[in-house]
Amino acid sequence: MNLQWGKVLIAALFEVAWVVGLKHSDSLGDWLITAVAIGISFTLLIDAGSKLPVGTVYAVFVGLGTAGTVLSEIVFFDEPISVAKLLLVGLLLAGVVGLKLVTPDNIAERGEA
């Protein structure tokens, strides 16, 4: 995995943190951590998007963030588990992985000069 896709993955992890923070923050410290997570997430996303196809970067970021948020709510906040929810998260992740696999990482592979 190249460095830029690593940034997308880390940005998605911070996205999970700030989305969960938006729901569960109840103190100034929690809100500050949430704000820092937003800043890190978008800084990494913007940087990766400047070097990779932005549509694919954004789709991977949102897909991983969505799946991570759903799973973290189940694991850490006692959200009810359903087979349908897990199957849909799996389908979402399959789509994200598939989109990443069919997207060239560099300008030469995309045919741009």
Restricting segment 1-34 to residues that are assigned to a helix (DSSP H, G or I) and free of Cβ contacts under 8 Å to residues at least 12 places away in the same chain, the one least open to solvent (accessible area, probe 1.4 Å) turns out to be Gly6
Can you pull out every residue in segment 73-112 that is modelled with pLDDT of 90 or more, acidic (Asp, Glu) and surrounded by fewer than 10 Cβ atoms within 10 Å (Cβ to Cβ)?
Asp78
Suppose the filter is open to solvent by less than 30 Å² (accessible area, probe 1.4 Å), in a helix (DSSP H, G or I), touching a helix residue (DSSP H, G or I) at 6+ places or on another chain (Cβ under 7 Å) and in contact (Cβ under 8 Å) with a residue 40 or more places away in the chain; does Thr56 pass it?
yes
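The values are calculated or read from the model by the stated rules, or taken from the named source; none is laboratory data. Keep in mind that what you see is a predicted model, and the values were worked out from it rather than measured. Here Cβ is always computed from backbone atoms with ideal geometry, including for glycine, and neighbour counts include all displayed protein chains. Remember, those area values only see protein heavy atoms, side chains included, never the ligands or the DNA or RNA. Shrake-Rupley method; radii C 1.70, N 1.55, O 1.52, S 1.80 Å.
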